[in-house]
Protein chains: 2
Amino acid sequence: MIHPTDTIVALSTPSGEGALGVVRLSGPDARRIADRIFCGKDLLQVPSHTIHYGTIRTSGGKILDECLVSVFIAPRSYTKEDMVEFSCHGSSYILEGLVRLLITEGARYAEPGEFTKRAFLHGQLDLSQAEAVAELIAADTGAQHRVALSQLRGGISDRIKNLRSRLIKFASLIELENDFSEEDVEFADRTALKDLVTELMDFVQPLIRSFAYGNALKKGVAVAIVGAPNVGKSTLLNALLQEEKAIVSAIPGTTRDVIEDSIRIDGILYRFIDTAGLRSTEDEIEAQGIRRSYEQITKADIVLYMSVVDEDTHELAARFKELNLSADQKAIILLNKADQYKHLCHRYDIQESVSSLCGRRETLLMSAKRGDGLDSLKQLLVDLVRSDHLSDQMVITNLRHYEALRNTLQSLQAVQEGLSNDLPSDLIALDLRHAMHALGTISGEIYSDDLLDSIFRDFCIGK
Amino acid sequence: MIHPTDTIVALSTPSGEGALGVVRLSGPDARRIADRIFCGKDLLQVPSHTIHYGTIRTSGGKILDECLVSVFIAPRSYTKEDMVEFSCHGSSYILEGLVRLLITEGARYAEPGEFTKRAFLHGQLDLSQAEAVAELIAADTGAQHRVALSQLRGGISDRIKNLRSRLIKFASLIELENDFSEEDVEFADRTALKDLVTELMDFVQPLIRSFAYGNALKKGVAVAIVGAPNVGKSTLLNALLQEEKAIVSAIPGTTRDVIEDSIRIDGILYRFIDTAGLRSTEDEIEAQGIRRSYEQITKADIVLYMSVVDEDTHELAARFKELNLSADQKAIILLNKADQYKHLCHRYDIQESVSSLCGRRETLLMSAKRGDGLDSLKQLLVDLVRSDHLSDQMVITNLRHYEALRNTLQSLQAVQEGLSNDLPSDLIALDLRHAMHALGTISGEIYSDDLLDSIFRDFCIGK
């Protein structure tokens, strides 16, 4: 590890007027530099984790501000370096002046995420925890927040590190066999290794699967509301959004534009897309709307296919299949206007029949207008997204982790095959090394400068 | 003074994503409330001015964030109450969640400026210092910053308090005379009182005059550049702004719109207004531009009247007088294109003659095109604004202070007259009380709830 020798400075609170703003200084000279401009206390003599009142003076002796200074002595700080934080009046003039002053006194303007990068380089955080810091700051739903916080607290990376170190033990034993290859010895217990590989695969596979969910948490779940004209799609959207967003009318073909709005259900962000009714039309503008509906369908994570209760179930199923949903796409079939068909005792039979004709898709009787079935629909939406992810602690949201885990799985599969086919130990050792490498990049036991640059580039300044 | 009994909470850093955000808690229960949601240290046991790492837990035991907590024990805090500051990850989700959580635990959402209001109520700051806090935060030029900081540090209010307490002494002696009015005694030394009143007036008068300057610092100084067509007004504006803002051409009447841009000279903000050339015209659009020029002239703090060196000086002076500047308005007469008249040995005589014909206005030979005289012009602009305000410590920027000082001066004048005319002591005592009252409102020795409300209403939340 390269330990930085210079001292960095940045404004750590959002810019703009506010009651207070915090300027942060980290590095071996942090206390010395801060002390040069601070009047009120000798910052080189005060204990760690203490706060001191004083004034900031320019080199000409003019007062820039009255402030509170917090002192952290290495290694008891976020970066594990000496750190000083100035809490000033929240004026851009003062805060910019202070940063300039500290640069004049020997600090360097920090790059985005450089404080967190130093925390990583000094072993305060592993790499996936460092990445979680940025995700925690960006989180604006409860679900995103839970996942990021669990990642920050090391939920997955502890397990990964533990499994990886056990893998390393086997790898070194197998490498040892290679050194004695003439003698046909086996230091590594093949059965125990097989068990470990299986354990690792059982750990990695659900994580890989969780990425779709993690991604949905991050970006929101796209839900397209589709169906023939006038089945009540806009009414449903309005009921969900609890406001009159879409123009509702009895004239088929009212909705031509793609309307989008989002709500949170149980901390998950759903982006609802109301689409033009699907039908053959001569109207060029409406036809364009319908083409866009089909585009939206292919991009949706979940499709709400809407129909009315009394429709021919076979025809309904045929048109549902025409949507050509991919294997990843989820769907709920809504049988709307159920309130108008209360007299139909067999409406539950219809529901059952539609479900079975459409490949056991979830099917719901409802009345968008009256709000009947709305809560069940919301629950279904949550269930479809959560599916088998029982705990947010076992969810990955980061594309880099996803790719590393897929590489790990590939190499583990190769190890497994190699063991089954009694391949020579040097080939098995090679695949083991690949798996260990891929796992090691997640928590940053293995990293390159380029990787760090690409990770911290997207951080905010001052973090 | 009413001492608040509840505990207030607010986000003190600007909203928006950032590396960190600070939530502030102040009041008798601050430490107790903070301790209920904080895991890591018993906040009721730690010393003042110390920082502690831990986690924030919701009532359900879920972690909201990892954070640093700063503890301040009364009276050693900004508000002189117990205070706790949470330094969290700068995510709106976390910061809003934390404020909600603290409210659930018994805190109340703070009103704008309520922390500073409490600092005032507990005697940490006087009222003019409290007002300076908001002005310091809003300051975005060096001059505004200097004035606000000097006000915050008590520059003027210390003097005011001292003079007021001496006034109080006299007032009480005179009131005593009233009690013995039958006996015709004089407890208060009339000569010493006269001297004090003179001293006070000498202190108050320049402060009142400084308000125009203070206001200019706050809002910027409006400078109109006016003159006949094609004397080089746009060229001058460009030279001042150092960019090609106005369209410069040799065709008279090119500038029709009022162009505005601002620069800082020596920390003071100048808003320059280039106007259409003043002349009779048939062109309706140009005529409209000229009408607007005259409007700009009446609104300007400083008028730069531009002409060329070789013009008839008497005609120039006549047209300058037509501008009808008010007594408050300042002007500089610019004799432009001096480079083209280098052969005129008598150009300095022209300058002298113009100056004397225009009532000894500042007159400057220059070449806007070549930049000759530009630095002298800038220096003149600064001198005109600063005028007799030698120090930013003796400047008031606040309308409320201005009005209080004018009331003080009026009452002092009445006292002075009363003393000269040997008026009865009860009448003099009345005017003295008025003066003391007006002075007392500045630093807040006298205040009403309505006054406090109107002052703190404009503060940011969390300050």
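The values are calculated or read from the model by the stated rules, or taken from the named source; none is laboratory data. In this text the structure is predicted, and so the values were computed from the model without any measurement. As a convention, Cβ positions derive from the backbone with ideal geometry for all residues, glycine included, and neighbour counts pool all protein chains shown. Accessible surface is based on the protein model in full, side chains and every heavy atom, while ligands, DNA and RNA are left aside. Shrake-Rupley method; radii C 1.70, N 1.55, O 1.52, S 1.80 Å.
Numerical summary
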| quantity | calculated |
| --- | --- |
| For the range A:8-125, share of DSSP beta bridges that run antiparallel, in % to the nearest 5 | 95 |
| Backbone HN-Hα couplings from phi across the range A:451-459 [Karplus 6.51/-1.76/1.60, Hz, Gly and Pro as x] | 4, 4, 4, 6, 6, 7, 3, 8, 6 |
| Debye log10 I(q)/I(0) for chain A, one point scatterer per Cα, at q = 0.08, 0.09, 0.10, 0.11 Å⁻¹ | -0.71, -0.82, -0.91, -0.97 |
| Relative contact order (percent, whole number), the range A:8-125, Cα cutoff 8 Å, 6+ residue spacing | 31 |
| Rel. contact order, % - alpha carbon contacts under 8 angstrom, at least six apart, chain A | 17 |
| With Cα atoms, 0 to 90° folded angle of helix B:347-357 axis to chain B main axis | 70 |
| Shortest-first nm distances, B:ARG36 label point to equivalent points in other copies (7 Å, Cα→Cβ) | 4.8 |
| Nearest-0.05 FRET efficiency for B:ASP310 and A:THR55, computed from C-beta distance (R0 45 Å) | 0.20 |
| Cβ-derived FRET efficiency at R0 22 Å, B:ASP328 paired with B:ALA192, nearest 0.05 | 0.05 |
| Neighbouring partner chain Cβ atoms per residue of B:134-140, average, 10 Å criterion | 6 |
| Förster radius 25 Å - calculated FRET efficiency between B:GLU284 and B:ASP261 (Cβ-Cβ, nearest 0.05) | 0.40 |
| Accessible area that becomes buried as B packs against A, both chains, 1.4 Å probe, Å², nearest 100 | 3700 |
| Cα-centred dipole magnitude for the protein assembly as shown, charges only on beta-carbon of K, R (+1) and D, E (-1), debye, nearest 20 | 80 |
| Shielding score for B:90-99, defined as the mean number of other chain Cβ atoms within 10 Å | 4 |
| Distance in nm between pseudo-label sites at B:SER420 and B:GLN45 (7 Å out along the Cβ direction from Cα) | 7.4 |
| Too-long pairs where the Cα-Cα distance tops 23 Å, listed order kept, from B:LYS218/B:LYS330; B:LYS62/B:LYS463; B:LYS218/B:LYS369; A:LYS463/B:LYS218; A:LYS169/A:LYS194; A:LYS41/B:LYS463 | B:LYS62/B:LYS463; B:LYS218/B:LYS369; A:LYS463/B:LYS218; A:LYS41/B:LYS463 |
| Crossing angle, helix A:92-104 versus chain A [Cα axis fit, 0-90 degrees, rounded to tens] | 50 |
| Charge context of A:ILE461, other residues only, Cβ under 13 angstrom, K/R +1, D/E -1 | 0 |
| Amide H partners (placed H, <5 Å) of B:VAL308, local residues excluded | B:ASN336 |
| Considering only chain B, percent of DSSP beta bridges that pair antiparallel, nearest 5 | 60 |
| Carbon and sulfur %, accessible surface of chain B computed with the full protein complex present, 1.4 Å | 48 |
| Accessible area in square angstrom per residue, the range B:8-125, 1.4 angstrom probe | 35 |
| Extension gain (nm, one decimal) between A:ARG159 and A:SER448, 0.36 nm per residue minus Cα-Cα | 101.8 nm |
| Sequence ranges B:70-81, A:369-380, ranked by mean other-Cβ count within 10 angstrom, highest first | B:70-81, A:369-380 |
| Beta bridges by DSSP in the protein assembly as shown, antiparallel share as percent, to the nearest 5 | 60 |
| Charge dipole of the range A:8-125 about the Cα centre (unit charges at C-beta), most positive-ward option of A:LEU68, A:LEU43, A:ALA10 | A:LEU43 |
| Cα-based convex hull volume of the range B:292-432 per residue, rounded to whole Å³ | 181 |
| Chain A: angle of helix A:425-443 to the longest principal axis, Cα-based, in degrees nearest 10 | 80 |
| Positive-end residue of A:ALA134, A:GLN416, A:GLY155, charge dipole of chain A with Cβ unit charges | A:ALA134 |
| Residue-averaged [θ]222 nm for chain B, counting only DSSP H segments that reach four residues, each worth -39500 (n - 2.57) | -15000 deg cm²/dmol |
| Ordering of A:443-455, B:114-126 by burial proxy (mean other Cβ atoms within 10 Å per residue, highest first) | B:114-126, A:443-455 |
| Å³ per residue enclosed by the Cα convex hull of the protein assembly as shown | 294 |
| C-alpha center-to-center spacing [the range B:402-429, the range A:159-182] in angstrom | 97 |
